[in-house]
Amino acid sequence: MHEKVQKIWPEINWIQNQELKDKTLDCWVYAIENSVLSAEDLEVIPFSLLIKDCKITFMNHKRTAVQLSVEIAKRMKKNFSDEIKIDMDLLIAGAILIDVGKLIEYDKVDGKLTTSKAGRLLRHPFSGVAIADRFGLPPEVQHIIAYHAKEGDDAKRSDEAIIVHHADFVSFEPFKA
Ligand SMILES: [Fe+2]
């Protein structure tokens, strides 16, 4: 399973710290092992069940959000130099993990994908933090997961969480009805 996850998530290799990289990979392996979806499914299914005829796949959307996060961070570091501190490893790990909880938000009923009971009761920022904590991801990464979506709108997001939140939104809002 580790090889399969590395294949769908080449961006995991962008994490420099080996321990952080391993833990990020472990979260995805665990989530897929506990999901009705396979690693292969993620490269085929639409990223949202709520958008009609959505042709953007789950992995395309997620990888785009990670790639955008890194591009934004690099530009901000270049232009703002010492005025902003961005930890690239924490940013990348967080961006890769924001939707890891979604894997247990899905259910399959008569072969059709729906939202699971767990997904209805606890949205993926919560289940994502639980998975990240299980594998010992640092609080800075758990923070990015916890506050990446609307649940974080009233919170004070870290600089890394602000970047990931916006990168995530720009890679799905254009496709919303
Ligand atoms: Fe999300």
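Tabulated data for the structure shown
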item: Positive minus negative residues near Thr24 (Lys, Arg vs Asp, Glu; Cβ under 12 Å); result: -3
item: Estimated dipole of the chain in Debye, rounded to 20 [Cβ of Lys and Arg +1, of Asp and Glu -1, Cα centre]; result: 400 debye
item: Mean separation of Cα contacts under 8 Å, 6 or more apart, over the residue count of the chain: relative contact order %; result: 25 percent
item: Two-site label geometry, Phe175 and Met88: point separation in nm, points 7 Å out along Cα→Cβ; result: 2.8 nm
item: Charge tally in the Cβ shell below 13 Å around Pro174, where Lys, Arg are +1 and Asp, Glu are -1, Pro174 excluded; result: 0
item: Surface share of carbon and sulfur [accessible, 1.4 angstrom probe, percent] for the chain; result: 53 percent
item: Accessible area (Å², per residue) of the chain, counting only protein heavy atoms and a probe of 1.4 Å; result: 53 Å²
item: Kirkwood-based shape ratio for the chain, expressed as Rg/Rh from alpha carbons; result: 0.95
item: Where labels lie 7 Å past Cα in the beta-carbon direction, separation of Arg134 and Val109 in nm; result: 2.4 nm
item: Listed peptides 137-147, 79-89, 13-23 by packing density, highest first (mean Cβ within 10 Å); result: 137-147, 13-23, 79-89
item: Helical segments meeting 27 Å axial Cα length and Kyte-Doolittle 1.0 threshold in the chain (DSSP H); result: none
item: Value at 222 nm in deg cm²/dmol, rounded to 500, when DSSP H runs of n ≥ 4 in the chain each add -39,500 (n - 2.57); result: -16500 deg cm²/dmol
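The values are calculated or read from the model by the stated rules, or taken from the named source; none is laboratory data. This structure is a prediction, so every number in the text was calculated from the model and none was measured. Note: ideal-geometry Cβ built from the backbone for every residue, glycine included; neighbour counts use all protein chains shown. Remember, those area values only see protein heavy atoms, side chains included, never the ligands or the DNA or RNA. Shrake-Rupley method; radii C 1.70, N 1.55, O 1.52, S 1.80 Å.
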